[in-house]
1. Quick check on the chain: helices-only [θ] at 222 nm, where DSSP H runs of length 4 and up contribute -39,500 (n - 2.57) each and the sum goes over total residues. Nearest 500, please.
2. What's the local net charge at residue 289, with K and R +1, D and E -1, over the other residues with C-beta under 13 Å away?
3. Of 93, 52, 185, which is farthest along the charge dipole of the range 11-188 in the positive direction, counting Lys and Arg as +1 and Asp and Glu as -1 at C-beta?
4. Carbon and sulfur: what percent of the range 110-232's accessible surface (1.4 Å probe)?
5. Taking K and R as +1 and D and E as -1, what net charge do the other residues with C-beta under 10 Å from the C-beta of residue 130 add up to?
6. Can you tell me the alpha carbon radius of gyration of the range 196-281 divided by the globular rule-of-thumb value 2.2 N^0.38 Å?
7. Can you sort 211, 163, 224 by solvent-accessible area, 1.4 Å probe, largest first?
8. Round to a whole angstrom and tell me the spacing of the C-alpha centers of the range 114-143 and the range 48-74.
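The values are calculated or read from the model by the stated rules, or taken from the named source; none is laboratory data. Every value quoted in this text rests on a predicted model; they were computed, and no experiment measured them. Cβ: placed from backbone, ideal geometry, glycine included. Neighbour counts: every protein chain shown. The area values use the complete protein model at the heavy-atom level, side chains included, leaving out ligands, DNA and RNA. Shrake-Rupley method; radii C 1.70, N 1.55, O 1.52, S 1.80 Å.
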Amino acid sequence: MDQSTHPPIQTVGVIGAGTMGRGIAHVLLGHGYSVLLTDTSPGALAAATRSITAGLARDVEKGRLTAEAKEKAFESLQPSSDLAGMVSADFIIEAAPENVDLKADIFRRLEPLARPEVIFASNTSSISITRLASATSRAGRFCGLHFFNPVPVMKLVEVVAGMETLPETLAKASSLASSLGKTPIQVNDFPGFVSNRVLMPMINEAVYAVMEGVADVQSVDAVMKLGMNHPMGPLELADLIGLDVCLDILKALYEGFHDPKYRASPLLEKMVHAGRLGRKSGRGFYNYCPTTQTE
Ligand code: NAD
């Protein structure tokens with residue numbers, strides 16, 4: 001079927017209802033799409049539903065959405081723990097954990113469920129789109145759609161072309177991102193795409209600078225904020241992203257390029273082993289629990 005004759009996207013499937021999946025679902029609902037949200041964890045689905053409800057209510061308070069549109073948006077959310085519901089999706093975005101085998105297995109199971117013309121997109125931060133696409137028989141209709149955290153706030157969406165991705169797939173994915181008020185930037189499939197290939201070495205170098213005693217955490221962040229006009233310092237940002245996520249992405253860059261320049265700082269590894277993951281665990285380079293003592 002010619003892509004231009006496809007009906008418009010009305011229902012979007014979102015797989016994974018964690019930080020990113022719930023943010024993506026929230027933004028889709030706020031822009032008039034119906035959303036099928038699936039997760040293997042009923043707890044994650046319940047938490048996502050609460051967070052989306054609160055997010056839509058905030059949109060009304062801030063004048064971004066009418067009360068009527070909020071009600072309609074909420075009715076357009078269908079949470080489910082069953083992937084089978086994806087049969088009625090017009091476009092599918094996967095936001096499951098950053099694990100290649102897990103993601104490939106999801107796409108393998110999706111393949112017979114979704115209509116052949118439906119585009120599959122992954123929100124992966126670092127896994128090869130070409131590799132994930134090979135788990136399906138629709139590599140031409142497979143791309144990366146890399147949203148940023150927090151999804152309702154961040155404008156960028158990296159639209160990633162795998163080796164076999166068709167131009168019309170990129171056009172359709174970009175137009176979906178634009179319809180959400182985002183700015184799509186098309187990039188090719190190389191480890192870390194553009195965003196993490198540029199960002200993660202900077203964060204890693206900041207960690208090395210602290211490890212080697214060049215300066216303390218606050219000073220490294222202050223240099224980058226005041227000298228480079230960055231809104232957040234690299235270590236503050238690493239805490240926001242999650243130190244475990246940063247380490248996983250650095251490992252993907254290191255393994256993808258086989259280049260020692262992407263070798264993760266031993267201090268970053270040690271902090272992850274200690275459970276100091278940043279904001280989400282209450283402690284990273286900064287302390288987010290006022291009652292916890294810092295040395
Ligand atoms: P998360 O751990 O918060 O959420 C993942 C969700 O997937 C969980 O709720 C989990 O229960 C669910 N899940 C696990 N296995 C599943 C399965 N088989 N089927 C359906 N759901 C399943 O992770 P996240 O931070 O939302 O990240 C999701 C993806 O987005 C990852 O690929 C990550 O690299 C990428 N990403 C994350 C960020 C970020 O800042 N957190 C930014 C951009 C991209």
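1. On the way: 11 runs with 124 residues, N = 295.
Calculated from helices alone, the mean residue ellipticity at 222 nm is -13000 deg cm²/dmol.
2. Charge balance near residue 289 sits at +3.
3. 185
4. Working: 3380 of 5510 Å².
Of the solvent-accessible surface of the range 110-232, carbon and sulfur hold 61 percent.
5. Working: positive: 131; negative: 164, 189.
So the environment of residue 130 carries a net charge of -1.
6. On the way: Rg = 12.2 Å, N = 86, 2.2 N^0.38 = 12.0 Å.
Against the compact-globule rule of thumb, the ratio is 1.02.
7. Details: 211 85, 163 155, 224 40 Å².
Descending accessible area places them as 163, 211, 224.
8. 31
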